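Structure first, then comments.
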Amino acid sequence: MVVQRGDLGCCVRCSGPAAAERLARRAVLRAAVHPPPGRPGPGRPGARGAQHGTGLDSTAPLPVMTGTVLDASPQILILNDADGEHRLVLPPATEVWKGRRAEPTALEPGDSALVRLLPGQRNVADRIWANTGRVTGVIVSREAGGVLVAEGRTSPRQAVLIPGWAAGRLQVRFPRLEPGYLIDVIGLRRPGYLEALLPATSQPAYRAGDPAAAATAGPHPAPGRISGSATWHEPASPDEAPGVRYPALDPGTPCREQPLAGPPCPPLPYLSVGSLLGIRNECTGHAQVLPVSGCAPAARLLRDRCVTCGTSPRGRIADLPMASFVALGGELERACFNTTISVGSPPGGEA
């Protein structure tokens, strides 16, 4: 029986180990959905200070995990990575993006998944992105139903398929799907191509190689705080080290990936590969120091603004691997977040 005060101890003792295991799992699920006072719930990461009083650093990067889906149910996701299998609890508030918002049951064995975990809970998922990809670069040719895109001189060209049902949405933002024009799209990564579903920005009115379109290069400022937008890219390989692509490498280490010449916008201080760059998501407050790993091939060609929270100054100033972007509170389908960068430490001196 269950004792009058609601203690489950007698029930566990009398029902055997199977019931005990079931009750323990209920406790885990209940704690994930209805956390005790002072612990953040399973919603999106909030603004700065959302975790105040929990003992967790609200500015620290959020925990993420990448791997291959082995199995998925409405409550449990089994993910496989280099360390083996992981069972992740899926509270009702867990959001899934697989080309669109979806239920966890839309996840299939073999899907490539990026999971953001709830802070302080190593086995509870907050957000999941499946098979998400992005192509940013210059259109080389137009094919039937899509385009071929050059992302950089040493990167393989990317085939982008534009499905008929998504063509209208994409062409509102990219009306000139012709060679020489820039494109930046997000969608589902398929074998050998990207199925484009969302525009990541608006297409400039000029060709990428038009000299008249190049911004006038001002003096390169001393290292300090610079505001702009941060974007993300797919990792070049599964073992790509965490780092940030930066659009103003020191002339002594020229960008081999740069598809076209052009001054960065805004003027940025020159940095070398290996320099430490503090990056802060101004929408959530999360910050991290990452080494410069290379240049951002198309960042200096796209002089757009990010409007994730307010309107950022014009210019892409950091291009992050998708896992680092998500760890800093970014949402892949939103393409960017407003950021402030500084050399050596996060802006404001926060860890």
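The values are calculated or read from the model by the stated rules, or taken from the named source; none is laboratory data. Remember, predicted model here, so these are calculated numbers, not experimental data. Methodologically, a virtual Cβ is constructed for each residue, glycine included, from the backbone with ideal geometry; neighbour enumeration extends over all protein chains shown.
How many of the residues making up the range 198-229 are modelled with pLDDT of 90 or more and either among the acidic types (Asp, Glu) or not in a loop (DSSP other than H, G, I, E, B) (or both)?
Looking only at that region, the number is 6.
In the range 320-332, how many residues are outside any loop (DSSP other than H, G, I, E, B) and either small (Gly, Ala, Ser) or touching a Gly at 6+ places or on another chain (Cβ under 9 Å) (or both)?
We begin by selecting, within the range 320-332, every residue outside any loop (DSSP other than H, G, I, E, B); these are 320-327, 332.
Now narrow it down to the ones that are either small (Gly, Ala, Ser) or touching a Gly at 6+ places or on another chain (Cβ under 9 Å) (or both): 320-324, 327.
So the answer is 6.
Of a type in the set (D, E, K, R), touching a residue at least 40 places away in the same chain (Cβ under 8 Å), out of contact with any Cys (no Cβ under 8 Å at 6 or more places or on another chain) and in a strand (DSSP E or B): is that true of Asp71 in this structure?
When the stated conditions are applied, Asp71 does not pass them.
Condition first: surrounded by fewer than 16 Cβ atoms within 10 Å (Cβ to Cβ) and either small (Gly, Ala, Ser) or not in a loop (DSSP other than H, G, I, E, B) (or both). Now tell me which residues in the range 187-197 satisfy that.
Matches in the range 187-197: Arg190, Gly192.
Can you report the number of residues in the range 300-319 which are charged (D, E, K, R), under 15 Å from Arg245 (Cβ atoms) and assigned to a loop (DSSP other than H, G, I, E, B)?
Matching residues across the range 300-319 total 1.
Are any of the residues in the range 77-88 of a type in the set (D, E, K, R), modelled with pLDDT of 95 or more and part of a loop (DSSP other than H, G, I, E, B)?
no
Just the residues that are more than 15 Å from Thr201 (Cβ to Cβ) and either touching a Pro at 6+ places or on another chain (Cβ under 9 Å) or β-branched (Val, Ile, Thr) (or both), please, taken from the range 285-296.
Listed by number, the residues that qualify are Gly285, His286, Ala287, Gln288, Val289, Leu290, Pro291, Val292, Ser293, Cys295.
The rows are residues; the columns are (1) crowded, with 16+ Cβ neighbours inside 10 Å; (2) within 16 Å of Glu234 (Cβ to Cβ); (3) of a type in the set (D, E, K, R).
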{"position": "Gly145", "(1), (2), (3)": "no, no, no"}
{"position": "Ala150", "(1), (2), (3)": "yes, yes, no"}
{"position": "Thr154", "(1), (2), (3)": "no, yes, no"}
{"position": "Trp165", "(1), (2), (3)": "no, no, no"}
{"position": "Arg169", "(1), (2), (3)": "no, no, yes"}
{"position": "Leu182", "(1), (2), (3)": "yes, no, no"}
{"position": "Val185", "(1), (2), (3)": "yes, yes, no"}
{"position": "Pro199", "(1), (2), (3)": "yes, no, no"}
{"position": "Arg207", "(1), (2), (3)": "yes, no, yes"}
